[in-house]
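Contents: one structure, followed by commentary.
The values are calculated or read from the model by the stated rules, or taken from the named source; none is laboratory data. As the structure is a prediction and not an experimental result, all values here were calculated from the model. Please note: Cβ atoms are built from the backbone with ideal geometry, for glycine as well, and neighbour counts cover all protein chains shown.
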Amino acid sequence: MVRSDASRSTQISGFINQRVGTGILISRVTGLPIITKVTGSLTSRATFDAGPVVNLGVGYRLPLGFRIEGDIIYAHYSADSIDPLSTDGTFPAFNGSRLTLQSGGTRDQYEATVNGFYDLPVAWSLVPYFGAGFGMAHVAAANALFAGPGGFPALTQRGGNATDPAIGLEVGVSFMLDATWAVVTSYRFEHLFVTGDDLDYNASVFKLGLRYSF
């Protein structure tokens with residue numbers, strides 16, 4: 001699974017070093033340290049490394065080449081980079097330059113979807129198909145630390161758990177071994193409708209599997 005084009009727009013608040021965008025802003029008045037809390041707006045685009053996907057599906061063949069299928073999916077992947085941009089200039093170090101992952105950033109994703117497919121009416125053993133589906137996805141994300149060259153600037157993205165609707169579009173080819181068994185390879189584009197202050201996900205999934213029809 002390859003995850004990319006994830007974007008985020010949010011308000012961030014914390015103790016920020018205005019020079020580097022992270023840490024604590026400290027000034028001195030008559031020798032005493034003063035810690036200032038800074039709040040600002042930040043947008044970002046994140047990319048994710050590819051990871052393994054396990055897919056188990058059960059379906060039913062309908063007349064005229066249609067199929068319906070229910071799938072349970074598990075995916076494991078990790079953040080790769082993030083491009084934070086301070087939209088209001090509060091954090092000038094966050095200028096849209098890419099920060100790479102330093103630690104953390106793993107994600108576990110669990111999905112349940114219902115899909116409909118159509119097999120093209122061809123007279124050979126390679127059967128192209130296409131379809132779409134929808135369902136729900138739960139993502140458990142670990143904290144992630146990103147930094148630029150030399151560790152400057154740095155940004156910590158908090159992890160958490162979220163469950164959101166998902167849709168997918170799929171195209172593939174079934175290689176029929178006999179009347180009941182087929183080797184299937186496919187590409188699936190997936191989008192999660194993330195609510196609240198989190199990332200919106202687009203995913204590219206490449207699948208290779210075995211299908212039994214009855």
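Quick notes
- For segment 158-194, filtered to residues that are in contact with a Pro (Cβ under 9 Å, 6 or more places away or on another chain) and surrounded by fewer than 14 Cβ atoms within 10 Å (Cβ to Cβ), the residue that is farthest from Tyr129 (Cα to Cα) is Phe193.
- Flag set for Tyr110, criterion: modelled with pLDDT of 95 or more, more than 15 Å from Glu170 (Cβ to Cβ) and in a strand (DSSP E or B).
- When the residues of segment 115-157 are filtered to those that are aliphatic (A, V, I, L, M) and over 19 Å from Thr47 (Cα atoms), the one that is surrounded by the fewest Cβ atoms within 10 Å (Cβ to Cβ) is Ala123.
- The combined condition, being at pLDDT below 95 and within 30 Å of Val194 (Cα to Cα), is not fulfilled by Ala166.
- The criterion of at least 1 residues that are modelled with pLDDT of 80 or more and of a type in the set (D, E, K, R) is met, among strands (runs of 3 or more DSSP E) falling completely within segment 15-87, by 38-48, 53-61, 66-82.
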